[in-house]
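*Asks:* Here's a structure for you.
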Amino acid sequence: MMLDHFIRGLFSILGLNLSQRNEITPSKLSFTLHLTSIRPALTNLWLNNINSLKDSNNIIKVSNESFRIIDNSHNNDLSQAQQTPSDDNMNIPNSIIVYHDQPPPLSITPLFNFKDFFDHLSKERIIESDGGNKMEFGSTVLYGEVISSTQTLLDKNFKFTQTLPTGFVCVASQQNQGRGRGKNSWISPLGCVQFSVVLKHPSNISSVVFIQYLLSLAVVEAIRTKKGYEDLPLRLKWPNDIYTENVKIGGVIINSHFLQDEFLLIAGCGVNLSNSAPTTAINRIISLYNHENNTQLEEFSQEQLLAAILVKFESFYKEFCSHKNGFEPFLDIYYKRWLHNDQIVTLEAFNNRRARIIGITTDFALI
């Protein structure tokens with residue numbers, strides 16, 4: 001009991017509040033997901049793509065889990081999303097409720113406003129590319145209030161992910177098995193913007209290794225290119241972390257598959273937007289900046305920030321693919337944002353020799 005109080009005290013110092021209950025509640029084994037598009041035709045196109053994967057019960061069984069496809073316009077189908085089998089709980093399929101003409105209302109997805117997201121997406125596209133008619137990242141969204149991991153869902157279910165178009169995005173309000181580099185995993189609380197994007201990247205164009213740099217740069221530039229936000233202290237730590245001052249507030253992960261001269265990439269990102277404990281968050285940085293500089297910059301909603309990041313990422317990605325030198329057009333802004341200019345480091349593998357960082361290589365992005 002004393003140990004329990006001691007540990008609770010340590011977490012309290014860090015600003016973490018623990019439940020007073022000691023009993024363990026079993027984790028939910030299946031998730032309800034919601035899929036819709038900015039244009040109904042895109043939803044119908046995806047449904048056509050996955051027809052060959054469905055069985056007679058509208059269930060898609062893939063390598064890591066299974067999905068029941070449910071049409072929200074059919075009341076009988078919707079009732080299936082509430083059913084929980086009494087046995088063999090490990091095989092409960094995830095429910096994907098598909099919305100054709102209108103996105104789900106806030107009463108269905110209270111932690112993610114689809115309408116606001118698509119409105120912000122349209123506005124950001126107009127600003128970024130003179131109308132944005134040819135931009136597609138974020139046009140189709142798969143959202144879950146609580147899921148294991150957006151990255152795992154797309155990366156570990158290859159047959160399912162193959163049916164998805166470039167720019168398809170999976171979003172979660174909370175993750176109970178968020179993924180990072182290596183085998184790192186964690187619980188992602190409310191207040192984080194966390195998503196994964198599908199990219200089908202031809203092998204004969206610019207190197208895939210730089211895509212993680214494009215996404216992390218897009219997160220920073222989505223904020224710092226807005227009027228008034230230029231001086232916010234958001235920076236990049238090599239290879240794929242997002243920092244403010246000396247505190248990490250986000251990161252990027254890329255998983256890849258290769259098939260028929262094409263990389264199928266899952267580009268994942270998580271960034272702390274509004275949960276300031278135990279470190280800090282983007283909106284906290286904005287609040288402090290306003291206080292110190294007598295400004296009134298507005299804080300971001302998760303829908304607004306997600307839309308801004310996706311549009312900036314797509315713009316960067318298209319330029320990256322079209323340029324013969326790949327990442328070269330981005331080097332100046334990347335160096336302007338990263339933390340390592342002229343940093344002195346110790347090379348342990350070379351008898352502790354000291355070296356000064358001057359940049360990254362243009363072939364494999366090594367320091």
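*Asks:* Check the range 324-334 and report whether any residue there is out of contact with any Phe, Trp or Tyr (no Cβ under 9 Å at 6 or more places or on another chain), more than 20 Å from V193 (Cα to Cα), assigned to a helix (DSSP H, G or I) and acidic (D, E).
*Replies:* For the range 324-334, residues out of contact with any Phe, Trp or Tyr (no Cβ under 9 Å at 6 or more places or on another chain), more than 20 Å from V193 (Cα to Cα), assigned to a helix (DSSP H, G or I) and acidic (D, E): present.
*Asks:* Which residue out of S86, S122, S79 is at pLDDT below 90, outside any loop (DSSP other than H, G, I, E, B) and among the polar types (S, T, N, Q)?
*Replies:* Answer to the selection: S79.
Yes/no matrix, rows are residues, columns are (1) closer than 16 Å to S95 by Cα; (2) surrounded by 14 or more Cβ atoms within 10 Å (Cβ to Cβ); (3) modelled with pLDDT under 90; (4) out of contact with any Leu (no Cβ under 9 Å at 6 or more places or on another chain):
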position: R21; (1), (2), (3), (4): no, no, yes, yes
position: H34; (1), (2), (3), (4): yes, yes, no, no
position: L42; (1), (2), (3), (4): no, yes, no, yes
position: S66; (1), (2), (3), (4): yes, yes, no, yes
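*Asks:* Within the range 309-367, restricting attention to residues that are touching an Asp or Glu at 6+ places or on another chain (Cβ under 7 Å) and of a type in the set (S, T, N, Q), which residue is modelled with the lowest pLDDT?
*Replies:* So, considering only residues that are touching an Asp or Glu at 6+ places or on another chain (Cβ under 7 Å) and of a type in the set (S, T, N, Q), the one modelled with the lowest pLDDT is T362.
*Asks:* Now for a different question. So in the range 137-163, with the set limited to residues that are assigned to a loop (DSSP other than H, G, I, E, B) and at pLDDT below 95, which one is nearest to F67 (Cα to Cα)?
*Replies:* N157
*Asks:* Can E319 be described as assigned to a loop (DSSP other than H, G, I, E, B), under 30 Å from K123 (Cα atoms), without any contact (Cβ under 8 Å) to a residue 60 or more places away in the chain and out of contact with any strand residue (DSSP E or B) (no Cβ under 7 Å at 6 or more places or on another chain)?
*Replies:* It is false that E319 is assigned to a loop (DSSP other than H, G, I, E, B), under 30 Å from K123 (Cα atoms), without any contact (Cβ under 8 Å) to a residue 60 or more places away in the chain and out of contact with any strand residue (DSSP E or B) (no Cβ under 7 Å at 6 or more places or on another chain).
*Asks:* Quick check: anything in the range 217-229 assigned to a helix (DSSP H, G or I), more than 14 Å from Q194 (Cβ to Cβ), touching a helix residue (DSSP H, G or I) at 6+ places or on another chain (Cβ under 7 Å) and small (G, A, S)?
*Replies:* Yes, the range 217-229 contains at least one residue that is assigned to a helix (DSSP H, G or I), more than 14 Å from Q194 (Cβ to Cβ), touching a helix residue (DSSP H, G or I) at 6+ places or on another chain (Cβ under 7 Å) and small (G, A, S).
*Asks:* Let me ask something else. Hey, could you check the range 240-254 for residues that are touching a residue at least 24 places away in the same chain (Cβ under 8 Å) and surrounded by fewer than 17 Cβ atoms within 10 Å (Cβ to Cβ) and say which is farthest from S188 (Cα to Cα)?
*Replies:* V247
*Asks:* For the range 89-119, which residues satisfy the criterion of being at pLDDT below 95 and hydrophobic (A, V, I, L, M, F, W, C)?
*Replies:* Answer for the range 89-119, where residues must be at pLDDT below 95 and hydrophobic (A, V, I, L, M, F, W, C): M90, I92.
*Asks:* Return only the number of the condition from (1) at pLDDT 95 or above; (2) surrounded by 21 or more Cβ atoms within 10 Å (Cβ to Cβ) that K200 does not satisfy.
*Replies:* All conditions pass for K200, except number (2).
*Asks:* How many residues are under 19 Å from the mean Cα position of the chain (by Cα), over 22 Å from F364 (Cβ atoms) and of a type in the set (A, V, I, L, M, F, W, C) if we restrict to the range 221-263?
*Replies:* Total satisfying the criteria: 4.
*Asks:* Being of a type in the set (A, V, I, L, M, F, W, C) and closer than 16 Å to T166 by Cβ is the filter here, so list the residues in the range 310-344 that pass it.
*Replies:* Those that are of a type in the set (A, V, I, L, M, F, W, C) and closer than 16 Å to T166 by Cβ: L310, V311, F313, F316, F320, C321.
The values are calculated or read from the model by the stated rules, or taken from the named source; none is laboratory data. None of the values given here were measured: they were computed from a predicted structure. Ideal geometry is used to build each Cβ from the backbone, glycine not excepted, and the neighbour counts take in all protein chains shown.
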